[in-house]
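The values are calculated or read from the model by the stated rules, or taken from the named source; none is laboratory data. Predicted model only: the values in this text are computed from it and were never measured. With ideal geometry, Cβ positions are generated from the backbone for all residues, glycine too; neighbour counts draw on all protein chains shown. Surface areas here come from the heavy atoms of the whole protein model, side chains and all, with no ligands, DNA or RNA. Shrake-Rupley method; radii C 1.70, N 1.55, O 1.52, S 1.80 Å.
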Amino acid sequence: MPKPLIIWGAKGHAKVLNEFAASAGYEVIATFDNNPDAAPPIDGVPLHIGEDGFHKWRRDNSGTKLSGAVAIGGERGLVRHEIQQFLTAGGVAPATLLHPTAFVASDAAIGSGSQVLGLAAVGAEARLGEACIINTSAGVDHEGRLGNGVHLAPGARLAGEVCVGDYTLVAVGAVVLPRITIGANCIVGAGAVVTRDIPDNSVVYGNPARIIRSR
């Protein structure tokens with residue numbers, strides 16, 4: 001019997017999670033978004049708006065044991081983590097979602113509410129915080145350390161022993177060399193090659209990656 005799952009976020013990432021929800025043992029029964037103009041992202045699944053919409057829906061479904069996923073990616077890691085905490089306070093358990101084609105090493109640790117998507121890899125002794133996204137074909141090699149709310153976009157690659165701080169985005173196709181530390185609240189631009197440590201609140205682009213501005 002599939003477990004009921006709700007998704008917060010009404011754009012493409014919700015469709016990605018719904019695609020493999022059944023294989024992960026879930027059935028999506030409701031979606032939520034803060035945008036009053038949002039359209040339902042999944043055919044046949046109702047969309048509710050905002051915290052008020054959630055509280056009303058939750059009252060109507062108070063007897064249901066629920067799991068939840070936050071389908072908000074990109075540089076909005078802090079928002080993703082805060083919504084996960086909001087849902088948890090509302091009695092919704094964070095769903096840790098692993099696509100059936102993903103590889104997760106047996107000794108890796110995946111934080112609550114994190115998502116490892118199609119063809120992604122999490123290597124030996126890697127540690128992911130809460131509400132992380134390892135997107136399509138992205139990879140965290142051995143002994144990687146990711147804080148809360150980190151997003152590795154499609155094709156991003158972290159070599160061994162890389163550390164990434166809370167709420168940082170490593171964009172599409174970026175590469176981080178071994179034993180590099182990237183601070184919190186950073187953006188590593190698409191296709192960047194990171195060859196040295198990056199301080200908190202930095203936006204970096206290029207090969208080799210250079211600090212363009214601060215956040």
Discussion item. Please verify whether GLY53 is among the small types (Gly, Ala, Ser) and more than 24 Å from HIS151 (Cα to Cα), treating the condition exactly as stated.
Written reply: yes
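This table checks each residue for (1) within 12 Å of GLN115 (Cα to Cα); (2) in contact (Cβ under 8 Å) with a residue 24 or more places away in the chain.
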| site | (1), (2) |
| --- | --- |
| ARG58 | no, yes |
| GLY74 | no, yes |
| GLY77 | no, yes |
| GLU82 | no, no |
| THR88 | no, no |
| ALA95 | yes, yes |
Worksheet item: Within the range 1-117, which helices (runs of 4 or more DSSP H) (wholly inside it) include 1 or more residues that are modelled with pLDDT under 95 and either polar (S, T, N, Q) or farther than 24 Å from ASN185 by Cβ (or both)?
Response: 50-60
Item to complete: Consider SER202 carefully, then state whether it is touching an Asp or Glu at 6+ places or on another chain (Cβ under 9 Å) and among the polar types (S, T, N, Q).
Response: no
Fill in: Any chance GLY53 is within 22 Å of ARG76 (Cα to Cα) and in contact with a Phe, Trp or Tyr (Cβ under 7 Å, 6 or more places away or on another chain)
yes
Response to the item:
Counting only residues that are in contact (Cβ under 8 Å) with a residue 24 or more places away in the chain and exposed (fewer than 15 other Cβ atoms within 10 Å of the Cβ), the range 16-39 contains a total of 4
Worksheet item: On the given criteria, is VAL188 open to solvent by less than 60 Å² (accessible area, probe 1.4 Å) and modelled with pLDDT of 95 or more?
Response: yes
Worksheet entry | Answer from ASP43, ASP60, ASP107 - the residue that is out of contact with any helix residue (DSSP H, G or I) (no Cβ under 6 Å at 6 or more places or on another chain), under 25 Å from ARG127 (Cβ atoms), of a type in the set (D, E, K, R) and open to solvent by 30 Å² or more (accessible area, probe 1.4 Å) | ASP107
Fill in: Residues that are open to solvent by 20 Å² or more (accessible area, probe 1.4 Å), of a type in the set (A, V, I, L, M, F, W, C) and in a strand (DSSP E or B), drawn from the range 123-168
CYS163
